[in-house]
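Reviewing the structure listed below.
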Amino acid sequence: MDNTGITYPRLSTAAMRQKAREAGNDPFVMLMPTDDPVVIPASSIHRMWQALDMSGSPFAYSDYLDRDGSLYRLTDYTEGSIRDDFDFGKVVMIRTDAMVEALIDLEDDYVAAGWYDLRLTMTRLRGLPVHIPEPLYSIDEQAESMTEEKHFAYVDPRNRKSQIEMERVATRHLRSIGADVSPLDRVEIDLDSGDFATEASVIIPVRNRRRTIADAVHSALSQEAPFDFNVIVVDNRSTDGTRDILTAIAATDPRLIVLDTYGYGKNAPGIGGCWNIALTDSRCGRFAVQLDSDDLYSSPATLSRIVDTFRTENCAMVIGSYTLTDIDGNVLPPGLIDHAEWTDENGANNALRINGLGAPRAFFTPVARDIGFPDVCYGEDYAMGLAVSRRHKIGRIYDELYLCRRWEDNTDHALSHERVNTNNMYKDFLRTIEINIRKRYQQ
């Protein structure tokens, strides 16, 4: 039990060992990771075993039917699928011999991370699992949708004890496959290299945010700092009057620079592409600091605090902490998101386990220009953070700097299961690429 009061009877190392003992001479073990009532016919059990037998994989999982009969599609497992919340559905079939072999290799007993430890170990020893894209069972209750509280569960302080277990498991896995990085691997940077018109730029990509863009821009322009800074907004072909609002503000404050994406072909770029446009503009400052078009800095000292951290810690990226609020600033649970799972010693490894690195994010512009953002609208910041952490120090600020406002027009508000799958697959792709790059560095 961790300090949320949640027990993990099916997920502990002890439970995994008990399952193996109960299997005896049976060729497979059936694991039910959740309490959801499952209906699985004998023919489906045979099909899962057939898939295991033909593929040689250590374990198998399949799609299933919700209570209303709709198909619940899962995603394929890749080398980068090392996040601890990977969705295997409600039924996993494990080869008994693969399970026993992996249990012998385990080094620790965990309360919450037993299944996580076992499945990563099996993938190291026996290869990747097989996903059967067929609905082989059904559940008697509707699958839960992704709520705000579930979305941020991995950074909820109440889950800290279980998260520490997960980090230990993920770190051992990366070390075992030669993909871990150490502070000793870092490349030093010269923060005074290059010529820049200003010390810092606040970067705001925007598309159709008439309701919130003025708040965001004024939040940036109201920063109090002992250095010159500007605000670069990249308007991605807004059609709702956002551009008129920006033009009016720019007429009164020359620090606001408004760029657009009309010169980049018929298809508008993603958020990552907008970032690249801002970064490569000659007016971009030495440090490029993120602000989303519907969020706010929580203090006039935010920008100064970030730049001070760059200078005192000589880092290539700085990540702050934010408070989750509604559109009116009322705090939403779990409140402050400080990503305390990041440590200077192991944050670069733990970053591969989790789904985000925090906000606001800020970059030493020459490093960000050299790496470049992928031109997508989801995960572009995560991709940049992984790449920076591989070779450079990332500074962390664990105090609130930012208000992340949740409202009905957020791009990640009330996502469908299909969209969640797409997002997860993309981040697993990023992790796979990153793991292979880190392996080459170690070699």
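Quick notes
- The distance from the alpha carbon centre of region 164-207 to that of region 235-314 is 22 Å, rounded to a whole number.
- Principal semi-axes in Å for region 377-443 [√(5λ), Cα gyration tensor, largest first]: 27, 20, 7
- Using just its DSSP H runs of length 4 or more, each adding -39500 (n - 2.57), the chain gives a mean residue ellipticity at 222 nm of -11000 deg cm²/dmol after division by all residues.
- Dimensions (Å) - the chain, Cα atoms, principal axes, largest first: 77, 50, 43
- Solvent-accessible area of the chain (1.4 angstrom probe, protein heavy atoms only): carbon and sulfur portion equals 50 percent.
- Computed over region 153-230: relative contact order in percent, which uses C-alpha pairs under 8 Å that are six or more apart: 28 percent
- Among His339, His46, His392, residue whose mean-square fluctuation peaks in a GNM of the chain (springs only between Cα atoms under 10 Å): His46
- All distinct Cα pairs of region 343-416 go into the 1/r average, and the inverse of that average, the Kirkwood radius, is 14.0 Å.
- The lysines whose alpha-carbon is closer than 19 Å to the alpha-carbon of Lys19, local same-chain residues fewer than 8 away aside, are Lys90.
- Radius ratio Rg over Rh of region 197-345, counting only Cα atoms, Kirkwood formula for Rh: 0.97
- Trypsin sites (Lys or Arg not before Pro) restricted to region 240-349 and DSSP loop, no more than 13 other C-beta within 10 Å: Lys266, Arg283
- Acute angle (nearest 10 degrees) that the helix 302-313 long axis makes with the longest principal axis of the chain, alpha-carbon atoms: 70 degrees
- The relative contact order of the chain comes to 18 percent, based on Cα pairs under 8 Å that sit 6 or more residues apart.
- Whole-number D in µm²/s for region 60-117 (Stokes-Einstein; Kirkwood sum over Cα pairs; 37 °C, 0.692 mPa s): 242 µm²/s
- Note on region 269-409: along the principal axes its Cα atoms extend 39, 35, 30 Å, ordered by decreasing extent.
- Over region 296-391, accessible surface divided per residue gives 31 Å², non-protein components excluded, 1.4 Å probe.
- Average projection area in nm² (convex hull over Cα atoms of region 150-274, one quarter of hull surface): 13.4 nm²
- For the pair region 346-391 / region 11-81, the C-alpha centres are spaced 34 Å from each other.
- Of all aspartates and glutamates in the structure, those lying under 16 Å Cα to Cα from Lys427, and not within fewer than 8 positions of it along the same chain, are Asp76, Glu79, Asp84, Asp85, Asp87, Asp375, Glu380, Asp381, Asp412, Glu418.
- Computed from Cα atoms, the angle from the helix 114-126 axis to the main principal axis of the chain rounds to 80 degrees.
- Computed from Cα atoms, the angle from the helix 380-391 axis to the main principal axis of the chain rounds to 80 degrees.
- Those lysines that a straight Cα-Cα span of less than 21 Å connects to Lys393, excepting residues fewer than 8 apart in one chain: Lys439
The values are calculated or read from the model by the stated rules, or taken from the named source; none is laboratory data. Since the model is a prediction, treat every value here as computed from it, not as a measurement. Methodologically, a virtual Cβ is constructed for each residue, glycine included, from the backbone with ideal geometry; neighbour enumeration extends over all protein chains shown. In case anyone asks, the SASA skips ligands and DNA or RNA and just uses the protein heavy atoms, side chains included. Shrake-Rupley method; radii C 1.70, N 1.55, O 1.52, S 1.80 Å.
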